[in-house]
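Undergrad: There's a structure below that I have some questions on.
The values are calculated or read from the model by the stated rules, or taken from the named source; none is laboratory data. This structure is a prediction, so every number in the text was calculated from the model and none was measured. Here the Cβ is made from the backbone with ideal geometry for all residues, glycine too, and neighbour counts use every protein chain on show. What goes into the accessible areas is simple: the full protein's heavy atoms, side chains included, and nothing from ligands, DNA or RNA. Shrake-Rupley method; radii C 1.70, N 1.55, O 1.52, S 1.80 Å.
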Amino acid sequence: MFTEQNYSSHQYAKVEIERRFLLRDIPDDLDPEDSYIRIIDLYITHTRLRLRKMETPAGKTIALKLGQKYLSPDQETLHRTMTTIYSNEVEFQTLASLDGSALFKRRYPYTYAGYNTSIDVFESHLRGLIMLEIQCRSDIDFNDFPVPVFALREVTEEPFFTGGELARLTKEEFQ
C-alpha cells in the first residue's frame, strides 16, 4: 500500500543539528598552514541547492557533491534537513554552469572541550570572517557544548551567517 509516509521528504535525508560561533581570529593552537580542506561552494540562484567541491591544499579534488539544506515546517528551528548527492566531474561541471553565488573557505578540523569541531576561514569577498561549527549528534550534545572562550558570539540562529546568505553578499555589504 502506498502512503504519504512511505514517500516522506525526509526518507533519503539526514537531520543536522549544528551550532555556529563567530571568531575574531583562529585559536592560538591552530596552525593556519596545517591540515585543512579547501571548500568551494556554489549556491544556485533561486533554489535551496548548493554545489560543493572539496580539495586538498595542493588542489586535488576530494569530493564533488550537490546538497540541499532546509528547515521543514515540522522541524525545530535548530534542526535542518540535509540531502547529498555525490557527483562525478562531468555532472559537477554541468551543474556549475548554472547561475549562482560562490563562497570559498578553508576548513580546519579542531578539537575543543573534547568535541570534534571545524573552523572555517573564509576567503575572497568574505576574507576576515572566521567561524567555528560543531555538528551535534543530539539535542543533548547541542545543549552540552560549551561556548568557546575565544568566540565573539554564537550565531547559530542568525540567518545572516548561513552559507547561502554569506555567498550572496557583495564585498561592500560584507564590510
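Undergrad: Looking at the chain as a GNM with Cα springs under 10 Å, which of 61, 94, 117 has the largest mean-square fluctuation?
TA: Per the Cα network of the chain with a 10 Å cutoff, 94 tops the list.
Undergrad: Next up: Taking a ≥ b ≥ c as the square roots of the Cα gyration tensor eigenvalues, with a/c under 1.5 meaning rounded and otherwise prolate when a/b beats b/c, else oblate, which class fits the range 1-151?
TA: Oblate.
Undergrad: Also, I was wondering about something else. Rolling a 1.4 Å sphere over the protein heavy atoms, what is the accessible area per residue of the range 97-175, to the nearest Å²?
TA: Result: 55 Å² of accessible area for each residue.
Undergrad: For the range 23-79, how big is Rg over Rh, using alpha carbon atoms and the Kirkwood form of Rh?
TA: Rounded to two decimals, Rg/Rh equals 1.10.
Undergrad: Can you give the relative contact order of the chain as a percent, counting alpha carbon pairs under 8 Å and 6+ residues apart?
TA: Reported relative contact order: 28 percent.
Undergrad: On to the next question. If each of residue 147 and residue 104 carries a label point 7 Å out from its Cα toward its Cβ, how far apart are those two points in nm?
TA: Going by the 7 Å Cα→Cβ label model, 3.3 nm.
Undergrad: Less than 13 Å Cβ to Cβ from residue 21, Lys/Arg counted +1 and Asp/Glu -1: what total charge do the surrounding residues give?
TA: Once all neighbours under 13 Å are counted, the net charge is -3.
Undergrad: FRET efficiency for residue 71 and residue 169, Cβ-Cβ distance as r, R0 = 25 Å, nearest 0.05?
TA: Calculated transfer efficiency: 0.75.
Undergrad: Select from 43, 174, 112 the residue farthest towards the positive end of the dipole of the chain; place +1 on Cβ of Lys and Arg, -1 on Cβ of Asp and Glu, and compute about the Cα centre.
TA: 43
Undergrad: Under the rule of at least 5 residues apart or a separate chain, name every residue whose amide H is placed under 5 Å from the amide H of residue 23.
TA: Those qualifying (amide H under 5 Å, at least 5 residues apart or on another chain) are 130, 131, 132, 152.
Undergrad: Which percent of the accessible heavy-atom area of the chain goes to carbon and sulfur, probe 1.4 angstrom?
TA: Looking at the chain in its full context, I get 52 percent from C and S.
Undergrad: Roughly how many debye, to the nearest 20, is the charge dipole of the chain about its Cα centre, given +1 on each Lys and Arg Cβ, -1 on each Asp and Glu Cβ, and no other charges?
TA: Dipole of the chain, to the nearest 20 debye: 460 debye.
Undergrad: What distance in nm separates the simple spin-label points at residue 97 and residue 29, each placed 7 Å from Cα in the Cβ direction?
TA: So the label points at residue 97 and residue 29 sit 4.9 nm apart.
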